[in-house]
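Notes follow the structure.
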Amino acid sequence: MTTTTVPREDTADASRRETESVGGSTLNVFSHAFLVLWVILAAGPLVWVALTAFRPSTEILSDPMGWPASFHWENFTNAWTEASIGQYALNSLIILAGSLTGTMLLGSMAAYVIARFTFPGNRLIFMLFAGGMMFPVILALVPLFAVMENFGLLDTRPGLMIAYIAYSLPFTTFFLTSFFRTLPTGVQEAAMVDGASHTRTFFQIMLPMAKPGLVSIGIFNFLGQWNQYLLPLLLNNEEESRYVLPQGLASLAVSQGYRGDWGALFAGLTIAMLPVLVVYAVFQRQVQAGLTAGALK
């Protein structure tokens, strides 16, 4: 009769692998549970608002967390026509078309110069843009109101566009400066050797190469400016017909609350959420690529 002796080292390795496997499984369970909890906390209120938008006010008041017994599409009609959500959304789109274009153009030009050229004060200018991100907007409201009033820009669309651009420019420049620094210098030098001007090199060569970063920061600026409420409340509060969407929703919350039409209020909130969700769903891959491009290069 022969006996087989298992080496002590093999037994120890097997025990260690089993322990690591159990530890990994436990970690996966906790991480998945945390992700499920995070999804519920993040998406739960949005789903509840979207479902409540299809319910009549009597059902909402009697059972706020219930499911819609039937879909009341007239809530969206009331919000779009009677509460002027369509006019507010159009105002937001007009303001955003000017402010987002200005932000991206000025921010990319400033970032390109800071990132690719060496001159006295380069570092100081970059730090000023970085410091602008740390300055609370609420501290600038009083001087901003005085400046806009002196220039006759209160309650005007150009005034609100300029305020949005100033609000978004520090983060845009900071983000794109880091991105432009990761681009290869050989392409820029080859273009200059071939006789391309600085303007042509920037618009036709460097800017297309920075497309992932531009898309990412463009999405962030779109979300920030679309949901901006404090600046239009200060600078665009004279005529209700010029309200942007967040102002219109706040006005709708007051008026519909008194009238008891809660279905129209939630329908207005759903309409306001749709453009943001559509933009993020369409450009989701570009946003992720832009955020990771600087880390991989």
Report yes if Phe30 is open to solvent by 90 Å² or more (accessible area, probe 1.4 Å) and at pLDDT 85 or above, otherwise no.
no
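Select, from Leu51, Leu41, Leu61, Leu35, the only residue that is surrounded by 13 or more Cβ atoms within 10 Å (Cβ to Cβ) and either in a helix (DSSP H, G or I) or free of Cβ contacts under 8 Å to residues at least 24 places away in the same chain (or both). So that I can check it myself, show each step before the final result.
Details: Leu41 fails: surrounded by 13 or more Cβ atoms within 10 Å (Cβ to Cβ); Leu61 fails: surrounded by 13 or more Cβ atoms within 10 Å (Cβ to Cβ); Leu35 fails: surrounded by 13 or more Cβ atoms within 10 Å (Cβ to Cβ).
Checking each option against the conditions leaves just Leu51.
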Among the residues of region 206-216, write down those that are part of a helix (DSSP H, G or I) and either under 14 Å from Thr182 (Cβ atoms) or open to solvent by 50 Å² or more (accessible area, probe 1.4 Å) (or both).
Met206, Pro208, Met209, Lys211, Pro212, Gly213, Leu214, Ser216
Quick one: Arg200 ticks every box in (1) among the charged types (D, E, K, R); (2) farther than 30 Å from Thr156 by Cα; (3) touching a residue at least 60 places away in the same chain (Cβ under 8 Å) except a single one, so which number is it?
(3)
Can you find a residue that is more than 15 Å from Leu105 (Cβ to Cβ), free of Cβ contacts under 8 Å to residues at least 24 places away in the same chain and out of contact with any Ser or Thr (no Cβ under 6 Å at 6 or more places or on another chain) anywhere in region 205-220?
yes
If you scan region 107-154, which residues turn out to be modelled with pLDDT under 90, farther than 26 Å from Phe203 by Cα and among the aromatic types (Phe, Trp, Tyr)?
Phe135
Scanning region 238-297 for residues that are within 29 Å of Ala163 (Cβ to Cβ) and of a type in the set (Phe, Trp, Tyr), the one modelled with the highest pLDDT turns out to be Tyr243
Does Leu230 satisfy the criteria of being in contact (Cβ under 8 Å) with a residue 12 or more places away in the chain, under 25 Å from Asp155 (Cα atoms) and surrounded by 14 or more Cβ atoms within 10 Å (Cβ to Cβ)?
no
Only one of Thr58, Thr101 is within 30 Å of Thr173 (Cβ to Cβ) and β-branched (Val, Ile, Thr), namely Thr101
Testing Asn221 on (1) polar (S, T, N, Q); (2) closer than 19 Å to Ala79 by Cβ; (3) under 19 Å from the mean Cα position of the chain (by Cα), one condition comes back false. Which one is that?
(2)
Within region 233-248, residues open to solvent by 30 Å² or more (accessible area, probe 1.4 Å) and either under 18 Å from Glu74 (Cβ atoms) or part of a helix (DSSP H, G or I) (or both) come out as Leu233, Leu234, Glu240, Ser241, Arg242
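From Glu189, Glu149, grab the single residue that is more than 16 Å from Val113 (Cα to Cα) and open to solvent by 70 Å² or more (accessible area, probe 1.4 Å).
After applying the criteria, what remains is Glu149.
The values are calculated or read from the model by the stated rules, or taken from the named source; none is laboratory data. This structure is a prediction, so every number in the text was calculated from the model and none was measured. All Cβ positions, glycine included, derive from the backbone under ideal geometry; neighbour counts span all protein chains shown. Ligands, DNA and RNA are stripped out before the accessible areas are found, and what is left, the full protein with its side chains, is counted by its heavy atoms. Shrake-Rupley method; radii C 1.70, N 1.55, O 1.52, S 1.80 Å.
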